[in-house]
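The values are calculated or read from the model by the stated rules, or taken from the named source; none is laboratory data. Small disclaimer: the values here were computed from a predicted structure and weren't measured. Positions of Cβ are generated from backbone atoms using ideal geometry, with glycine treated the same way; all protein chains shown enter the neighbour counts. To get the accessible areas, we keep the full protein, side chains included, count just its heavy atoms, and leave off ligands, DNA and RNA. Shrake-Rupley method; radii C 1.70, N 1.55, O 1.52, S 1.80 Å.
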Amino acid sequence: MSAPVLLLTLVTFGFEQATLPPFAPGDPDGLVATANPKIRYAFLRKVFWKNNIGGVGNYYKSPAPTSAERAAMLQTIDRLTALLASTPTGANGQGFWMLASRSPFGSNERLAPPGTPLARLPHRFSVGYFPFYHEDVQDRTGQWRTSVTGETQSIYYEFNLLPGRLNSEVIASEDRGSDMDPLEFFPQPSQIATWQGLPVYGAGTLVLSRPGRPLWLPAQIERVLKASLPKLEADAKTAEDRLADLRKKNDYVQSPAYEKEQWDYFEKNNGSLKQSRPSNYETRRNSTIHSIAYNRQVAAAEANPGRDPKGLWYWNPKDALDRARSLIASLDPGSAKQPACWLPAQTGPTSQGRYQMRGDIVPYGSPGCTLIVVNNLSYFDTSLPRTTPQLLTIPEFYRCGAVEAGVYKSSSSWSYRQGDSPAHGCFRHVPIWLELDWKQFSSLVTP
(Lines give C-alpha, C1' and ligand atoms only; values in the text may rest on other atoms or scores of the structure.)
Protein backbone atom coordinates (compact mmCIF):
# COMPACT_ATOMS: atom_id res chain seq x y z
CA MET A 1 0.00 0.00 0.00
CA SER A 2 1.46 3.33 -0.99
CA ALA A 3 2.02 6.08 1.55
CA PRO A 4 -0.71 8.74 1.79
CA VAL A 5 0.02 12.05 0.11
CA LEU A 6 -1.00 15.65 0.69
CA LEU A 7 -1.89 18.01 -2.15
CA LEU A 8 -1.10 21.66 -1.42
CA THR A 9 -2.76 24.38 -3.46
CA LEU A 10 -2.71 28.17 -3.66
CA VAL A 11 0.66 28.54 -1.97
CA THR A 12 1.99 32.07 -2.34
CA PHE A 13 5.32 32.52 -4.12
CA GLY A 14 5.90 36.12 -3.04
CA PHE A 15 3.77 37.77 -5.73
CA GLU A 16 1.50 35.04 -7.04
CA GLN A 17 -0.26 31.85 -6.08
CA ALA A 18 0.30 28.47 -7.68
CA THR A 19 -0.53 24.84 -7.17
CA LEU A 20 2.14 22.48 -5.87
CA PRO A 21 2.71 18.75 -6.37
CA PRO A 22 1.63 16.13 -3.78
CA PHE A 23 3.98 15.42 -0.87
CA ALA A 24 4.13 12.72 1.80
CA PRO A 25 2.49 13.91 5.07
CA GLY A 26 4.95 15.34 7.56
CA ASP A 27 7.63 15.94 4.94
CA PRO A 28 9.10 19.34 5.92
CA ASP A 29 11.05 19.67 2.67
CA GLY A 30 8.23 18.76 0.28
CA LEU A 31 10.40 16.29 -1.60
CA VAL A 32 9.37 15.26 -5.11
CA ALA A 33 11.18 12.62 -7.15
CA THR A 34 12.07 13.34 -10.76
CA ALA A 35 12.35 11.02 -13.75
CA ASN A 36 16.00 10.61 -12.75
CA PRO A 37 16.05 8.62 -9.47
CA LYS A 38 19.25 10.39 -8.42
CA ILE A 39 17.67 13.86 -8.56
CA ARG A 40 14.84 15.26 -6.45
CA TYR A 41 13.26 18.64 -5.76
CA ALA A 42 12.42 20.21 -2.40
CA PHE A 43 9.34 22.43 -2.77
CA LEU A 44 8.90 23.32 0.92
CA ARG A 45 12.52 23.66 2.00
CA LYS A 46 13.08 27.17 3.32
CA VAL A 47 15.23 29.73 1.56
CA PHE A 48 18.80 30.29 2.67
CA TRP A 49 21.49 32.68 1.42
CA LYS A 50 25.03 31.71 0.51
CA ASN A 51 28.03 33.91 -0.41
CA ASN A 52 31.03 33.42 -2.63
CA ILE A 53 33.74 35.78 -3.91
CA GLY A 54 34.98 36.34 -7.43
CA GLY A 55 38.49 37.21 -8.56
CA VAL A 56 40.46 40.42 -9.12
CA GLY A 57 40.29 42.14 -12.49
CA ASN A 58 40.86 45.37 -14.44
CA TYR A 59 43.77 46.71 -12.40
CA TYR A 60 46.67 47.75 -14.61
CA LYS A 61 48.20 50.94 -13.25
CA SER A 62 45.95 51.96 -10.36
CA PRO A 63 46.59 50.36 -6.98
CA ALA A 64 44.61 47.19 -6.29
CA PRO A 65 42.44 47.24 -3.14
CA THR A 66 44.07 46.71 0.21
CA SER A 67 42.68 44.11 2.60
CA ALA A 68 40.89 46.89 4.50
CA GLU A 69 39.35 48.25 1.28
CA ARG A 70 38.30 44.76 0.27
CA ALA A 71 36.58 44.32 3.62
CA ALA A 72 34.83 47.69 3.25
CA MET A 73 33.45 46.77 -0.18
CA LEU A 74 32.25 43.40 1.10
CA GLN A 75 30.55 45.18 3.98
CA THR A 76 28.60 47.37 1.53
CA ILE A 77 27.63 44.33 -0.53
CA ASP A 78 26.55 42.51 2.63
CA ARG A 79 24.34 45.47 3.59
CA LEU A 80 22.58 45.13 0.25
CA THR A 81 22.24 41.37 0.70
CA ALA A 82 20.79 41.88 4.18
CA LEU A 83 18.15 44.24 2.77
CA LEU A 84 17.09 41.73 0.12
CA ALA A 85 17.17 38.84 2.58
CA SER A 86 14.98 40.72 5.06
CA THR A 87 12.00 40.83 2.67
CA PRO A 88 9.24 38.24 3.27
CA THR A 89 10.30 36.30 0.19
CA GLY A 90 13.99 36.60 1.04
CA ALA A 91 13.44 35.52 4.66
CA ASN A 92 10.62 32.98 4.46
CA GLY A 93 10.43 31.81 0.85
CA GLN A 94 10.25 28.11 0.09
CA GLY A 95 11.58 25.99 -2.74
CA PHE A 96 14.65 28.05 -3.56
CA TRP A 97 17.95 29.33 -2.17
CA MET A 98 20.01 32.40 -3.12
CA LEU A 99 23.66 32.59 -4.08
CA ALA A 100 25.26 36.02 -3.70
CA SER A 101 28.29 36.07 -6.00
CA ARG A 102 30.37 38.97 -4.69
CA SER A 103 33.12 40.72 -6.64
CA PRO A 104 34.87 43.32 -4.43
CA PHE A 105 37.38 44.17 -7.15
CA GLY A 106 37.35 46.42 -10.18
CA SER A 107 38.96 49.58 -11.51
CA ASN A 108 37.73 52.70 -13.30
CA GLU A 109 41.21 53.64 -14.46
CA ARG A 110 40.46 53.35 -18.21
CA LEU A 111 37.71 55.95 -17.74
CA ALA A 112 39.78 58.35 -15.67
CA PRO A 113 39.43 62.03 -16.58
CA PRO A 114 42.66 63.78 -17.61
CA GLY A 115 44.94 64.65 -14.72
CA THR A 116 43.17 62.49 -12.12
CA PRO A 117 45.58 60.52 -9.91
CA LEU A 118 44.82 56.86 -10.50
CA ALA A 119 45.34 56.16 -6.81
CA ARG A 120 42.26 58.28 -6.04
CA LEU A 121 39.83 56.61 -8.42
CA PRO A 122 36.98 54.75 -6.71
CA HIS A 123 36.89 50.99 -6.81
CA ARG A 124 34.19 49.22 -8.79
CA PHE A 125 32.51 46.30 -7.11
CA SER A 126 29.41 44.22 -7.73
CA VAL A 127 27.25 41.34 -6.59
CA GLY A 128 25.11 38.98 -8.63
CA TYR A 129 22.15 37.17 -7.08
CA PHE A 130 21.27 33.68 -8.32
CA PRO A 131 17.96 32.20 -7.07
CA PHE A 132 18.37 28.42 -7.51
CA TYR A 133 15.53 26.02 -6.86
CA HIS A 134 16.22 23.37 -4.21
CA GLU A 135 17.56 20.39 -6.13
CA ASP A 136 19.23 17.39 -4.43
CA VAL A 137 21.62 15.03 -6.20
CA GLN A 138 22.55 11.57 -4.96
CA ASP A 139 26.26 10.74 -5.16
CA ARG A 140 27.92 7.38 -5.76
CA THR A 141 27.83 6.49 -2.09
CA GLY A 142 24.07 6.97 -1.92
CA GLN A 143 24.32 10.23 0.04
CA TRP A 144 22.20 13.18 -1.01
CA ARG A 145 23.92 16.49 -1.74
CA THR A 146 21.23 19.05 -0.99
CA SER A 147 20.51 22.30 -2.78
CA VAL A 148 23.13 22.11 -5.51
CA THR A 149 23.58 24.79 -8.13
CA GLY A 150 22.12 24.58 -11.61
CA GLU A 151 20.91 27.21 -14.06
CA THR A 152 18.88 30.29 -13.22
CA GLN A 153 18.29 33.95 -14.09
CA SER A 154 20.72 36.17 -12.23
CA ILE A 155 20.53 39.89 -11.53
CA TYR A 156 23.68 41.96 -10.91
CA TYR A 157 24.00 45.10 -8.82
CA GLU A 158 26.94 47.30 -9.84
CA PHE A 159 28.62 49.80 -7.52
CA ASN A 160 30.62 52.74 -8.94
CA LEU A 161 30.16 51.72 -12.57
CA LEU A 162 29.03 54.49 -14.92
CA PRO A 163 26.06 53.25 -16.98
CA GLY A 164 27.63 54.54 -20.19
CA ARG A 165 25.67 54.75 -23.42
CA LEU A 166 23.24 51.95 -22.46
CA ASN A 167 21.37 51.08 -25.67
CA SER A 168 22.31 54.28 -27.52
CA GLU A 169 24.53 54.02 -30.59
CA VAL A 170 28.05 55.41 -30.63
CA ILE A 171 28.02 58.33 -33.06
CA ALA A 172 31.75 59.02 -32.88
CA SER A 173 34.64 58.70 -30.47
CA GLU A 174 37.91 60.36 -29.49
CA ASP A 175 40.98 58.21 -29.05
CA ARG A 176 42.54 58.76 -25.60
CA GLY A 177 45.51 56.46 -26.02
CA SER A 178 46.08 52.75 -25.50
CA ASP A 179 45.77 53.02 -21.71
CA MET A 180 42.36 54.71 -21.77
CA ASP A 181 38.95 53.90 -23.17
CA PRO A 182 37.97 56.23 -26.00
CA LEU A 183 35.62 59.08 -25.23
CA GLU A 184 32.33 58.06 -26.84
CA PHE A 185 29.72 60.49 -28.15
CA PHE A 186 26.16 59.14 -28.16
CA PRO A 187 22.52 60.29 -28.00
CA GLN A 188 21.46 60.94 -24.44
CA PRO A 189 19.87 57.76 -23.02
CA SER A 190 16.19 58.26 -22.42
CA GLN A 191 14.47 57.78 -19.08
CA ILE A 192 11.67 55.32 -19.72
CA ALA A 193 10.19 54.93 -16.22
CA THR A 194 10.50 55.72 -12.53
CA TRP A 195 10.53 53.02 -9.87
CA GLN A 196 10.25 53.99 -6.19
CA GLY A 197 11.59 57.43 -7.05
CA LEU A 198 14.57 56.03 -9.01
CA PRO A 199 14.97 56.54 -12.77
CA VAL A 200 15.04 53.67 -15.26
CA TYR A 201 17.02 54.39 -18.43
CA GLY A 202 17.57 52.84 -21.83
CA ALA A 203 16.25 49.32 -22.19
CA GLY A 204 15.74 48.94 -18.45
CA THR A 205 18.69 50.03 -16.29
CA LEU A 206 17.75 51.28 -12.82
CA VAL A 207 20.12 53.96 -11.48
CA LEU A 208 20.77 55.22 -7.96
CA SER A 209 23.13 58.19 -8.23
CA ARG A 210 24.26 61.08 -6.07
CA PRO A 211 22.13 64.24 -6.33
CA GLY A 212 23.65 67.06 -8.34
CA ARG A 213 26.09 64.81 -10.19
CA PRO A 214 24.93 64.16 -13.75
CA LEU A 215 25.78 60.84 -15.36
CA TRP A 216 26.19 62.42 -18.80
CA LEU A 217 27.36 65.81 -20.03
CA PRO A 218 26.47 67.64 -23.27
CA ALA A 219 29.11 67.17 -25.95
CA GLN A 220 30.55 70.23 -27.69
CA ILE A 221 29.59 70.35 -31.35
CA GLU A 222 33.07 71.04 -32.71
CA ARG A 223 34.52 68.04 -30.90
CA VAL A 224 31.77 65.73 -32.11
CA LEU A 225 32.00 66.97 -35.69
CA LYS A 226 35.76 66.48 -35.81
CA ALA A 227 35.46 63.05 -34.21
CA SER A 228 32.82 62.09 -36.80
CA LEU A 229 35.00 62.91 -39.81
CA PRO A 230 36.65 59.45 -40.05
CA LYS A 231 33.23 57.77 -40.32
CA LEU A 232 31.96 60.36 -42.79
CA GLU A 233 35.12 60.03 -44.86
CA ALA A 234 34.81 56.24 -44.81
CA ASP A 235 31.24 56.45 -46.15
CA ALA A 236 32.37 58.89 -48.86
CA LYS A 237 35.23 56.59 -49.80
CA THR A 238 32.86 53.63 -50.04
CA ALA A 239 30.77 55.66 -52.46
CA GLU A 240 33.81 56.70 -54.51
CA ASP A 241 35.10 53.12 -54.64
CA ARG A 242 31.71 51.88 -55.81
CA LEU A 243 31.56 54.61 -58.45
CA ALA A 244 35.07 53.73 -59.64
CA ASP A 245 33.98 50.11 -60.12
CA LEU A 246 30.86 51.20 -61.99
CA ARG A 247 32.88 53.47 -64.29
CA LYS A 248 35.31 50.68 -64.97
CA LYS A 249 32.39 48.42 -65.81
CA ASN A 250 30.88 51.11 -68.07
CA ASP A 251 34.16 51.55 -69.95
CA TYR A 252 34.13 47.87 -70.77
CA VAL A 253 30.42 47.68 -71.64
CA GLN A 254 30.85 50.57 -74.10
CA SER A 255 33.92 48.97 -75.71
CA PRO A 256 34.07 46.93 -78.93
CA ALA A 257 35.45 44.03 -76.89
CA TYR A 258 32.18 43.78 -74.94
CA GLU A 259 30.10 43.82 -78.13
CA LYS A 260 32.30 41.14 -79.71
CA GLU A 261 31.95 38.99 -76.57
CA GLN A 262 28.16 39.23 -76.73
CA TRP A 263 28.03 38.31 -80.45
CA ASP A 264 30.48 35.44 -79.99
CA TYR A 265 28.24 34.11 -77.23
CA PHE A 266 25.18 34.56 -79.48
CA GLU A 267 26.71 32.70 -82.43
CA LYS A 268 27.94 29.88 -80.22
CA ASN A 269 24.45 29.23 -78.86
CA ASN A 270 22.29 30.23 -81.84
CA GLY A 271 24.39 29.97 -85.02
CA SER A 272 22.89 26.65 -86.05
CA LEU A 273 19.42 28.25 -86.22
CA LYS A 274 20.46 30.46 -89.15
CA GLN A 275 19.86 27.62 -91.59
CA SER A 276 17.37 25.44 -89.69
CA ARG A 277 15.07 28.14 -88.28
CA PRO A 278 15.91 31.53 -89.86
CA SER A 279 13.00 33.43 -88.28
CA ASN A 280 13.93 32.22 -84.81
CA TYR A 281 17.54 33.19 -85.50
CA GLU A 282 16.52 36.75 -86.47
CA THR A 283 14.30 37.10 -83.41
CA ARG A 284 17.16 36.15 -81.09
CA ARG A 285 19.58 38.35 -83.02
CA ASN A 286 17.31 41.37 -82.58
CA SER A 287 17.03 40.52 -78.88
CA THR A 288 20.80 40.57 -78.56
CA ILE A 289 20.98 43.94 -80.32
CA HIS A 290 18.45 45.29 -77.83
CA SER A 291 20.28 43.70 -74.88
CA ILE A 292 23.62 45.26 -75.83
CA ALA A 293 22.04 48.69 -76.21
CA TYR A 294 20.11 48.38 -72.95
CA ASN A 295 23.15 47.19 -70.96
CA ARG A 296 25.16 50.12 -72.30
CA GLN A 297 22.42 52.52 -71.32
CA VAL A 298 22.21 51.11 -67.79
CA ALA A 299 25.99 51.03 -67.32
CA ALA A 300 26.30 54.65 -68.45
CA ALA A 301 23.57 55.76 -66.05
CA GLU A 302 25.09 53.88 -63.11
CA ALA A 303 28.51 55.41 -63.87
CA ASN A 304 27.01 58.91 -63.69
CA PRO A 305 24.70 58.93 -60.63
CA GLY A 306 22.26 61.81 -60.54
CA ARG A 307 20.60 63.50 -57.60
CA ASP A 308 17.59 61.23 -57.79
CA PRO A 309 16.59 58.17 -55.72
CA LYS A 310 18.77 55.93 -57.91
CA GLY A 311 21.90 58.02 -57.36
CA LEU A 312 21.59 59.00 -53.71
CA TRP A 313 23.83 56.12 -52.64
CA TYR A 314 26.66 58.32 -53.99
CA TRP A 315 25.49 61.83 -53.14
CA ASN A 316 24.20 61.23 -49.61
CA PRO A 317 27.60 60.41 -48.04
CA LYS A 318 29.36 63.05 -50.16
CA ASP A 319 26.91 65.73 -49.09
CA ALA A 320 27.03 64.63 -45.44
CA LEU A 321 30.82 65.01 -45.41
CA ASP A 322 30.59 68.42 -47.08
CA ARG A 323 27.98 69.58 -44.57
CA ALA A 324 30.13 68.55 -41.63
CA ARG A 325 33.23 70.25 -43.01
CA SER A 326 31.28 73.42 -43.80
CA LEU A 327 29.75 73.48 -40.32
CA ILE A 328 33.17 73.09 -38.70
CA ALA A 329 34.54 75.96 -40.80
CA SER A 330 31.62 78.20 -39.82
CA LEU A 331 32.04 77.79 -36.06
CA ASP A 332 33.49 80.64 -34.04
CA PRO A 333 35.05 80.03 -30.58
CA GLY A 334 31.71 80.54 -28.86
CA SER A 335 29.50 78.41 -31.10
CA ALA A 336 32.13 75.65 -31.22
CA LYS A 337 31.44 74.93 -27.55
CA GLN A 338 27.65 74.74 -27.91
CA PRO A 339 25.96 71.36 -27.45
CA ALA A 340 25.73 68.97 -30.35
CA CYS A 341 22.56 67.21 -31.42
CA TRP A 342 21.93 64.00 -33.37
CA LEU A 343 19.53 63.92 -36.31
CA PRO A 344 19.10 60.34 -37.57
CA ALA A 345 18.79 59.84 -41.30
CA GLN A 346 15.25 59.01 -42.33
CA THR A 347 14.66 55.54 -43.72
CA GLY A 348 14.37 55.31 -47.47
CA PRO A 349 16.43 56.99 -50.22
CA THR A 350 17.86 59.66 -47.88
CA SER A 351 19.63 56.95 -45.85
CA GLN A 352 21.29 55.26 -48.83
CA GLY A 353 25.06 55.24 -48.63
CA ARG A 354 25.02 56.18 -44.92
CA TYR A 355 26.62 53.05 -43.49
CA GLN A 356 28.89 54.19 -40.66
CA MET A 357 27.35 57.60 -40.00
CA ARG A 358 23.58 57.11 -40.15
CA GLY A 359 22.61 60.70 -39.49
CA ASP A 360 23.86 64.24 -39.05
CA ILE A 361 25.39 66.26 -36.23
CA VAL A 362 23.54 69.54 -35.93
CA PRO A 363 23.35 72.39 -33.40
CA TYR A 364 21.28 71.63 -30.32
CA GLY A 365 17.73 72.86 -30.72
CA SER A 366 17.39 71.80 -34.35
CA PRO A 367 13.98 70.19 -34.99
CA GLY A 368 13.78 66.44 -34.35
CA CYS A 369 17.27 65.99 -32.90
CA THR A 370 18.51 64.38 -29.68
CA LEU A 371 21.19 65.88 -27.44
CA ILE A 372 24.60 64.23 -27.87
CA VAL A 373 26.38 63.47 -24.60
CA VAL A 374 29.49 61.89 -23.15
CA ASN A 375 30.05 59.97 -19.93
CA ASN A 376 30.64 62.36 -17.08
CA LEU A 377 34.14 61.13 -16.29
CA SER A 378 34.24 63.57 -13.38
CA TYR A 379 31.12 62.13 -11.76
CA PHE A 380 33.06 60.57 -8.89
CA ASP A 381 34.33 62.62 -5.96
CA THR A 382 37.95 61.51 -5.71
CA SER A 383 38.36 63.14 -2.30
CA LEU A 384 36.25 60.34 -0.79
CA PRO A 385 37.67 56.94 0.18
CA ARG A 386 37.99 54.70 -2.85
CA THR A 387 35.46 52.23 -1.44
CA THR A 388 32.71 54.82 -0.97
CA PRO A 389 29.57 53.70 -2.86
CA GLN A 390 28.85 56.72 -5.05
CA LEU A 391 26.71 55.00 -7.70
CA LEU A 392 24.57 51.85 -7.81
CA THR A 393 22.91 50.42 -10.91
CA ILE A 394 20.83 47.35 -11.76
CA PRO A 395 21.66 46.96 -15.47
CA GLU A 396 19.07 44.22 -16.08
CA PHE A 397 16.21 45.57 -14.02
CA TYR A 398 13.92 44.80 -16.95
CA ARG A 399 15.12 41.22 -17.38
CA CYS A 400 12.14 39.99 -15.38
CA GLY A 401 9.48 42.51 -16.38
CA ALA A 402 8.90 46.24 -16.72
CA VAL A 403 7.46 49.23 -14.88
CA GLU A 404 4.01 50.19 -16.15
CA ALA A 405 2.23 53.17 -14.58
CA GLY A 406 4.47 52.92 -11.53
CA VAL A 407 3.88 49.18 -11.06
CA TYR A 408 6.51 46.52 -11.75
CA LYS A 409 4.84 43.79 -13.77
CA SER A 410 6.49 40.42 -14.20
CA SER A 411 7.04 39.27 -17.78
CA SER A 412 6.06 35.65 -17.02
CA SER A 413 4.02 33.50 -14.65
CA TRP A 414 4.51 30.13 -12.96
CA SER A 415 2.25 27.22 -12.13
CA TYR A 416 3.19 23.65 -11.38
CA ARG A 417 3.00 20.93 -14.01
CA GLN A 418 4.14 17.37 -13.48
CA GLY A 419 7.93 17.21 -13.59
CA ASP A 420 8.44 20.93 -13.01
CA SER A 421 11.05 22.23 -10.58
CA PRO A 422 10.16 24.80 -7.91
CA ALA A 423 9.97 28.39 -9.10
CA HIS A 424 13.32 30.19 -9.36
CA GLY A 425 15.09 33.01 -11.24
CA CYS A 426 12.80 35.90 -12.12
CA PHE A 427 9.98 34.37 -10.09
CA ARG A 428 12.07 35.17 -7.00
CA HIS A 429 13.66 38.49 -8.01
CA VAL A 430 10.36 40.25 -8.69
CA PRO A 431 8.64 39.59 -5.34
CA ILE A 432 11.80 40.69 -3.53
CA TRP A 433 11.72 43.98 -5.45
CA LEU A 434 8.03 44.42 -4.65
CA GLU A 435 8.70 43.86 -0.95
CA LEU A 436 12.02 45.70 -0.66
CA ASP A 437 12.43 48.83 1.47
CA TRP A 438 13.65 51.09 -1.32
CA LYS A 439 14.41 53.97 1.04
CA GLN A 440 16.93 51.74 2.77
CA PHE A 441 18.19 50.67 -0.65
CA SER A 442 18.75 54.33 -1.58
CA SER A 443 20.78 54.85 1.59
CA LEU A 444 23.45 52.49 0.21
CA VAL A 445 24.85 55.33 -1.92
CA THR A 446 26.57 58.25 -0.26
CA PRO A 447 24.39 61.39 -0.60
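Can you tell me how many residues within the stretch 299-323 are within 18 Å of GLN352 (Cβ to Cβ) and either surrounded by fewer than 14 Cβ atoms within 10 Å (Cβ to Cβ) or aliphatic (A, V, I, L, M) (or both)?
Pass one, the stretch 299-323, residues within 18 Å of GLN352 (Cβ to Cβ): 301-323.
Still in the list and also either surrounded by fewer than 14 Cβ atoms within 10 Å (Cβ to Cβ) or aliphatic (A, V, I, L, M) (or both): 301, 303-304, 306-310, 312, 320-322.
Final tally of qualifying residues: 12.
Conditions (1) open to solvent by less than 50 Å² (accessible area, probe 1.4 Å); (2) over 25 Å from LEU215 (Cα atoms); (3) touching a Gly at 6+ places or on another chain (Cβ under 9 Å), marked per residue:
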{"position": "ALA72", "(1), (2), (3)": "yes, no, no"}
{"position": "ASP78", "(1), (2), (3)": "no, yes, no"}
{"position": "THR87", "(1), (2), (3)": "yes, yes, yes"}
{"position": "TRP97", "(1), (2), (3)": "yes, yes, no"}
{"position": "SER101", "(1), (2), (3)": "yes, yes, yes"}
{"position": "GLU109", "(1), (2), (3)": "yes, no, no"}
{"position": "GLY115", "(1), (2), (3)": "no, no, no"}
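Of all residues in the stretch 399-437, how many are within 20 Å of the chain's Cα centre (by Cα) and open to solvent by 50 Å² or more (accessible area, probe 1.4 Å)? Walk me through how you get there before you give the answer.
Quick first cut of the stretch 399-437, residues within 20 Å of the chain's Cα centre (by Cα) only: 399-403, 411, 426.
Narrowing the set further to residues that are open to solvent by 50 Å² or more (accessible area, probe 1.4 Å) leaves 399, 411.
Residues that pass the stated criteria total 2.
Only one of SER228, SER209, SER291, SER272 is free of Cβ contacts under 8 Å to residues at least 24 places away in the same chain and among the small types (Gly, Ala, Ser); which? Let's see the steps before the verdict.
Working: SER228 fails: free of Cβ contacts under 8 Å to residues at least 24 places away in the same chain; SER209 fails: free of Cβ contacts under 8 Å to residues at least 24 places away in the same chain; SER291 fails: free of Cβ contacts under 8 Å to residues at least 24 places away in the same chain.
Answer to the check: SER272.
For THR238, are the conditions met, namely being among the hydroxyl-bearing types (Ser, Thr, Tyr) and open to solvent by 50 Å² or more (accessible area, probe 1.4 Å)? Give the steps one after another, and end with the answer.
Values: among the hydroxyl-bearing types (Ser, Thr, Tyr): yes; open to solvent by 50 Å² or more (accessible area, probe 1.4 Å): yes.
For THR238, the condition - among the hydroxyl-bearing types (Ser, Thr, Tyr) and open to solvent by 50 Å² or more (accessible area, probe 1.4 Å) - is met.
If we keep just the residues of the stretch 29-55 that are surrounded by fewer than 14 Cβ atoms within 10 Å (Cβ to Cβ), not aromatic (Phe, Trp, Tyr) and not in a strand (DSSP E or B), which is modelled with the lowest pLDDT?
GLY55
Search the stretch 164-187 for residues being under 20 Å from PHE380 (Cβ atoms) and not in a strand (DSSP E or B), and hand back the single one that is least open to solvent (accessible area, probe 1.4 Å).
Here the answer is GLY164.
In the stretch 251-309, which helices (runs of 4 or more DSSP H) lie fully inside it and hold 3 or more residues that are modelled with pLDDT under 95 and touching a helix residue (DSSP H, G or I) at 6+ places or on another chain (Cβ under 8 Å)? Explain how you work it out, then say what you get.
On the way: elements: 256-270, 273-276, 278-302.
Because the criterion is at least 3 residues that are modelled with pLDDT under 95 and touching a helix residue (DSSP H, G or I) at 6+ places or on another chain (Cβ under 8 Å), the helices (runs of 4 or more DSSP H) in the stretch 251-309 that meet it are 256-270, 278-302.
Go through (1) surrounded by fewer than 16 Cβ atoms within 10 Å (Cβ to Cβ); (2) touching a residue at least 40 places away in the same chain (Cβ under 8 Å); (3) over 21 Å from PHE185 (Cβ atoms) and name the single condition GLU261 misses.
Of the numbered conditions (1) surrounded by fewer than 16 Cβ atoms within 10 Å (Cβ to Cβ); (2) touching a residue at least 40 places away in the same chain (Cβ under 8 Å); (3) over 21 Å from PHE185 (Cβ atoms), the odd one out for GLU261 is (2).
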